[in-house]
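Chemist: Please read through the structure below; I'll follow up with questions.
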Amino acid sequence: KRRAKSDFKGRHFEAWLIIQAVSWCLRYPLSYRNLESQFAKRGFDVDHATINRWVLAYAPMIEKRLRRFRQPHCGSIRVEETYVKIRGDWPYLYCAVDKHDAPVDFLLTATDGANVNPDAIKDSVDARLLPPTVVHCVTKRLQQVIESDHFRVKQMMPKVGGFRSFATARRTIAGFEAVGLGLAGEWTIRRQNELLALCFGLQKINEV
């Protein structure tokens, strides 16, 4: 409850409604105006621009807090890059999944970092962040798995109307990735909502 009071200080709507709106936006192909309409049908006057601000504020928090519950990856990771459009620029979006299609992590960067992977792996081994037995392979045949993850993330992007800044893209994509992270155990939508409520110190978020 103390966390909820701090996280939502100064907001003009109840915390559970805010997190419900953000989770809907991250989970379903709904634009901010679609969500405005859905809440209006339920008697809540919420402007689409307000929902946009909620997503930018709370999507990174959702990603950070759900990470502790994610399913451990199998040890074999596929990494591939794609591109996203931000005000005419095309920065790189790297996504990592394991061989069971479970999303592991992502990185949005303005430059192509694929050529520095071997150095990054060596530095991680030296820092004992990776075991010395790690193997780095470059192959085309493993791309199909990760391309499906790229599709999952990118199909959500048009609904938000495009990205106006790198920071906006990073925060929003963090939310898309958060709801796609593989969580340990079987998770229904209701149980995911209950987990989000727990992460934010709320009783429930699926009231509307």
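Chemist: Quick check on segment 24-94: take the gyration tensor over C-alpha atoms, sort the square-rooted eigenvalues as a ≥ b ≥ c, and tell me if it's rounded (a/c under 1.5), prolate or oblate.
Modeler: oblate
Chemist: At a Förster distance of 41 Å, what's the computed FRET efficiency of K85 paired with Q203, Cβ-Cβ distance as r, to 0.05? If you can, show how the numbers build up before the last one.
Modeler: Numbers: r = 40 Å, r/R0 = 0.97.
Computed FRET efficiency for K85 and Q203 comes out at 0.55.
Chemist: To the nearest 0.05, what FRET efficiency results for S6 and V135 with a Förster distance of 35 Å applied to their C-beta separation?
Modeler: E between S6 and V135, to the nearest 0.05, is 0.20.
Chemist: Please sort by residue number the chymotrypsin sites (Phe, Trp or Tyr not before Pro) in segment 14-52 whose DSSP state is loop and whose Cβ has at most 16 other Cβ atoms within 10 Å. Kindly include the intermediate steps, with their values, before the conclusion.
Modeler: Details: sites: W16, W24, Y32, F39, F44; in loops: F44.
Of the chymotrypsin sites (Phe, Trp or Tyr not before Pro), the ones in loops of segment 14-52 whose Cβ has at most 16 other Cβ atoms within 10 Å are F44.
Chemist: All other residues with a Cβ under 11 Å from the Cβ of D47 taken together, and with Lys, Arg as +1 and Asp, Glu as -1, what is their net charge?
Modeler: Within the 11 Å Cβ shell, the charges total 0.
Chemist: Could you derive backbone 3J(HN,Hα) for segment 129-135 from the dihedral phi with the Karplus parameters 6.51, -1.76 and 1.60 (θ = phi - 60°), listing whole Hz in sequence and x where the residue is Gly or Pro?
Modeler: 8, 10, x, x, 8, 4, 10
Chemist: For segment 1-51, what number results from the quotient of the Cα radius of gyration and 2.2 N^0.38 Å? Intermediate results must be reported in sequence, preceding the final value.
Modeler: Numbers: Rg = 11.4 Å, N = 51, 2.2 N^0.38 = 9.8 Å.
So the Cα radius of gyration is 1.16 times the expected 2.2 N^0.38 Å.
Throughout, read-outs are computed from the coordinates displayed, never taken from laboratory work. In this text the structure is predicted, and so the values were computed from the model without any measurement. Positions of Cβ are generated from backbone atoms using ideal geometry, with glycine treated the same way; all protein chains shown enter the neighbour counts.
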